[in-house]
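A short write-up of the structure that comes next.
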Amino acid sequence: MKRLLAEVGRVLEVKMEKETIKCVLVDLSGTLHIDDEEIPGSVKALERLRGSGVHLKFVTNTTKESKRVLHERLHKLGFAVGSEEIFTSLTAARKLLEEKQLRPLLLVDDKAVEDFEGVGVDDPNAVVVGLAPDKFGYNFMNEAFSLLQKGASLIAIHKARYYKRKDGLALGPGPFVAALEYATGQKAEVVGKPQGSFFHSAVREFSCAPQQCVMIGDDARDDVAGAQNCGMKGILVRTGKYRQGDESSITPPAFHVANDFPAAVDYILSSCSLE
């Protein structure tokens, strides 16, 4: 009997130590998919996570395409994701433009422009930079430089250094934002990950404390450190842009490191108390 009681006490103690999770934020590119390919097992893993009853939000810095195009891509890959569950840095950028009544020169991909429909762009007084390979040539960058020299605001949708494509790593918008900062002496206002305001906005509708939220992503700095700097927990996955040693590049270290999204889901379902 004493042995039984001791075992029951041990189980209860372990249960009490479990982290309580009410909301899970999930990165997209590099975590669930790479371009038009699912990271193996991610569709089924998402179904299992959704079945647990936790709140879900899909947060992304992707600026290569509009929210509508991204939603269509996810559905083609088999992910059951609602459009209202996707929170993008494009959404955050548009909100900032509207709040400050700014008229932007948009250095964004043509497939992302529709997310700015209705925003005035005549006589621009702001430069908005996303991932726009076709607009990072000298003429576009010089036009942006000229506007900034005249007092325009510099807004970075995000400052990712690189991202993962099927053919390897590719430059993100960060180096081009840094070039404009260097040339003008102006510091960009960043709206996407790793800004705390981005993470807080993504979960505001759920009315849960930051410590009850966990972020799963492949970027140690923007996904994991960004979330943990605002009180959330971060799970780093070894897919997408992940490189060996990334887990040692941030302080504090990630709440957990998993081989991929399915493994991250396994950890949450087995080691956390879900509400």
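Take the chain, mark every one of the trypsin sites (Lys or Arg not before Pro) that falls in a DSSP loop and has at most 14 other Cβ within 10 Å, then report the longest stretch left between them, sites excluded.
The answer is 19-149.
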Query raised in the report: Whose amide H sits under 5 Å from the amide H of Tyr162, counting only residues 5 or more places off or on another chain, with H placed in the peptide plane?
Result: Gly172
Query raised in the report: How far, in degrees from 0 to 90, does helix 261-271 lean away from the longest principal axis of the Cα atoms of the chain, to the nearest 10?
Result: 40
Requested in this report: Using Cα pairs closer than 8 Å and at least 6 residues apart in sequence, work out the relative contact order for the chain, in percent.
Outcome: 22
Report summary line: Cα convex hull volume per residue for the stretch 129-206, in Å³, equals 111
Query - Per-residue HN-Hα couplings for the stretch 171-184 [Karplus 6.51, -1.76, 1.60; θ = phi - 60°; Hz; x = Gly/Pro] - result: 4, x, x, x, x, 7, 4, 4, 5, 5, 4, 5, 6, 9
Requested in this report: Take the alpha-carbon centre of the stretch 186-247, take the same for the stretch 103-132, and report the distance between them in whole Å.
Outcome: 25
**Report entry** Length added when fully stretched, Ser197-Ala178, from 0.36 nm per residue minus Cα-Cα
**Finding:** 4.7 nm
Report task. Compute the relative contact order of the stretch 173-228 as a whole-number percentage, counting only Cα pairs closer than 8 Å that sit 6 or more residues apart in sequence. Result -> 31
Report summary line: In the stretch 61-193 the DSSP beta bridges are antiparallel at a rate, in percent to nearest 5, of 30
Report summary line: Counting only DSSP beta bridges fully inside the chain, the antiparallel percentage to nearest 5 is 15
Query raised in the report: Which ³J(HN,Hα) values in Hz, rounded to whole numbers, follow from the phi angles of the stretch 192-207 under the Karplus curve 6.51 cos²θ - 1.76 cosθ + 1.60, where θ = phi - 60° and Gly and Pro get x?
Result: x, 4, x, 5, x, 4, 5, 5, 5, 5, 5, 10, 4, 5, 8, 6
Query raised in the report: Given H placed 1.01 Å from N in the peptide plane, which residues other than close sequence neighbours of Ser273 have an amide H under 5 Å from its amide H?
Result: Glu19, Thr20, Ile21
Query raised in the report: Going out from 0 in 5 Å bins, what whole percent of all Cα-Cα distances in the stretch 156-267 drops into each bin?
Result: 2, 12, 20, 20, 20, 14, 8, 3, 1, 0
Report task. Specify which residue in the list Pro194, Val265, Ile39 is farthest towards the positive end of the charge dipole of the chain, using unit charges on the beta carbon of Lys, Arg (+1) and Asp, Glu (-1), about the Cα centre. Result -> Val265
Query - Mean projected area in nm² (Cα convex hull; one quarter of hull surface) for the stretch 17-134 - result: 9.2
Report task. Kindly write out, for the stretch 22-33 in residue order, the coupling ³J(HN,Hα) from the Karplus curve 6.51 cos²θ - 1.76 cosθ + 1.60 (θ = phi - 60°), rounded to whole Hz, with x marking Gly and Pro. Result -> 10, 9, 10, 9, 10, 5, 10, 5, x, 10, 9, 8
**Report entry** Solvent-accessible area, 1.4 Å probe, carbon plus sulfur percent, for the chain
**Finding:** 51
**Report entry** Degrees, to the nearest 10: 138-149 long Cα axis against longest axis of the chain
**Finding:** 90
Query raised in the report: Taking amide H positions as placed 1.01 Å from N in the peptide plane, with prolines and chain starts having none, which residues 5 or more places from Lys233, or on another chain, fall under 5 Å of its amide H?
Result: Cys213, Val214, Met215
Query raised in the report: Of Phe176, Val121, Asn142, which is farthest along the charge dipole of the chain in the positive direction, counting Lys and Arg as +1 and Asp and Glu as -1 at C-beta?
Result: Phe176
Report summary line: Calculated from DSSP helices alone, with each H run of at least 4 adding -39500 (n - 2.57) and the total divided by the residues of the chain, [θ]222 nm to the nearest 500 comes to -10000 deg cm²/dmol
Report task. Grab the alpha carbons of the chain, take their convex hull, and tell me the volume per residue in Å³. Result -> 138
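The values are calculated or read from the model by the stated rules, or taken from the named source; none is laboratory data. Remember, predicted model here, so these are calculated numbers, not experimental data. When we count neighbours, we look across all protein chains shown, and the Cβ atoms used for this are built from the backbone with ideal geometry, even at glycine. Side chains included, ligands, DNA and RNA excluded: accessible areas come from the protein's heavy atoms. Shrake-Rupley method; radii C 1.70, N 1.55, O 1.52, S 1.80 Å.
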